[in-house]
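Shown next, in structure tokens, is the structure this report addresses.
The values are calculated or read from the model by the stated rules, or taken from the named source; none is laboratory data. Quick caveat, the model's predicted, so the values are computed rather than measured. Note that we place each Cβ from the backbone using ideal geometry, even for glycine, and neighbour counts take in every protein chain shown.
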Amino acid sequence: AQTVTQSQPEMSVQEAETVTLSCTYDTSESDYYLFWYKQPPSRQMILVIRQEAYKQQNATENRFSVNFQKAAKSFSLKISDSQLGDAAMYFCAYRSPNNNDMRFGAGTRLTVKP
Amino acid sequence: NAGVTQTPKFRILKIGQSMTLQCAQDMNHNYMYWYRQDPGMGLKLIYYSVGAGITDKGEVPNGYNVSRSTTEDFPLRLELAAPSQTSVYFCASSYPPGQGMELFFGSGTQLSVL
């Protein structure tokens, strides 16, 4: 079964600095998608960024980028120029065309210090 | 579009009571899901549905029931509530795998069983 591991329960960053959140996953499939979701205090799950496994180029969305290492099964999220509004719980997630559902890591709580 | 709508947002139940969490989506998604979120545990799949009339168990189905009579609605029924069911519940929907991999989430229901 596919599993997703986030080894950092909590992280903190100074406003305007850069932080990287780690995620590893286990799968025997070659075709899959990886996601980072943000959950602010409002509880809403917000998609931050997605990566298709067949694409070698790392996905980027404004201040958010990923470092996708397929052979190492690693998928980290880098947040540049951190803002107070980035403070939230971040979940790494996995889904493949062969799975009906999405698998989630345990989450990393990010604190942004002014 | 309203997206995925969940009601209620908060609920307190006494042990042994029953209730139904409502979920509706207006995106014409075939796939719908119920997840529960416990602190430090990420999101765990309770039940899912791939279309009207078709449902299947996820990772943690005990104590819950679902039905899917229409494409839009996917209610989750809790029978004989127990303290272990205290959690945040999320409904989500998506296109079938391969047509769209992202899950769209409702705003969640905070349930406490006392």
Of the numbered conditions (1) without any contact (Cβ under 8 Å) to a residue 60 or more places away in the chain; (2) away from chain B (no Cβ under 14 Å); (3) touching a strand residue (DSSP E or B) at 6+ places or on another chain (Cβ under 6 Å), A:GLU61 satisfies every one except a single condition; which is it? (2)
If I filter region B:19-46 down to residues being among the charged types (D, E, K, R) and closer than 30 Å to A:PRO9 by Cα, which single residue comes out as nearest to the other protein chains (Cβ to nearest Cβ)? B:LYS44
Scanning region A:31-58 for residues that are within 14 Å of chain B (Cβ to nearest Cβ) and of a type in the set (S, T, N, Q) gives A:GLN39, A:SER42, A:GLN44, A:GLN51
Suppose we filter region A:64-92 for residues that are in contact with a Gly (Cβ under 7 Å, 6 or more places away or on another chain) and either aromatic (Phe, Trp, Tyr) or buried (at least 23 other Cβ atoms within 10 Å of the Cβ) (or both); how many remain? 3
If A:GLU52 satisfies all but one of (1) more than 28 Å from B:LYS9 (Cβ to Cβ); (2) modelled with pLDDT of 95 or more, what's the number of the condition it fails? (2)
Across (1) modelled with pLDDT of 95 or more; (2) more than 10 Å from the chain's Cα centre (by Cα); (3) crowded, with 20+ Cβ neighbours inside 10 Å, A:LEU21 clears everything bar (2)
Within region B:38-68, residues hydroxyl-bearing (Ser, Thr, Tyr) and closer than 24 Å to B:GLY98 by Cα come out as B:TYR47, B:TYR48, B:SER49, B:THR55
Determine if region A:79-95 includes at least one residue that is modelled with pLDDT under 95, closer than 20 Å to B:PRO96 by Cβ, assigned to a loop (DSSP other than H, G, I, E, B) and of a type outside the set (A, V, I, L, M). no
Any idea how many residues of region B:98-114 are free of Cβ contacts under 8 Å to residues at least 60 places away in the same chain and at the interface with chain A (Cβ under 7 Å from one of its Cβ atoms)? 3
Restricting the search to region A:1-46, which residues are in a strand (DSSP E or B) and of a type in the set (Asp, Glu)? A:GLU10, A:ASP26
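In region A:95-114, how many residues are within 16 Å of A:MET45 (Cβ to Cβ) and either within 10 Å of chain B (Cβ to nearest Cβ) or in contact with a His (Cβ under 6 Å, 6 or more places away or on another chain) (or both)?
9
Do the conditions hold for B:LEU111, that is, is it among the aliphatic types (A, V, I, L, M), modelled with pLDDT of 95 or more and under 20 Å from B:ALA2 (Cβ atoms)?
Values: among the aliphatic types (A, V, I, L, M): yes; modelled with pLDDT of 95 or more: yes; under 20 Å from B:ALA2 (Cβ atoms): no.
So B:LEU111 fails the test.
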Restricting the search to region B:66-102, which residues are within 15 Å of the chain's Cα centre (by Cα), within 25 Å of A:ALA93 (Cα to Cα) and not in a loop (DSSP other than H, G, I, E, B)? B:VAL66, B:ASP73, B:LEU76, B:GLN85, B:SER87, B:VAL88, B:TYR89, B:PHE90, B:CYS91, B:ALA92, B:SER93, B:SER94
One residue from B:VAL88, B:VAL4, B:VAL66, B:VAL50 being of a type in the set (Val, Ile, Thr), in contact with a strand residue (DSSP E or B) (Cβ under 8 Å, 6 or more places away or on another chain), surrounded by 15 or more Cβ atoms within 10 Å (Cβ to Cβ) and in contact (Cβ under 8 Å) with a residue 60 or more places away in the chain: B:VAL4
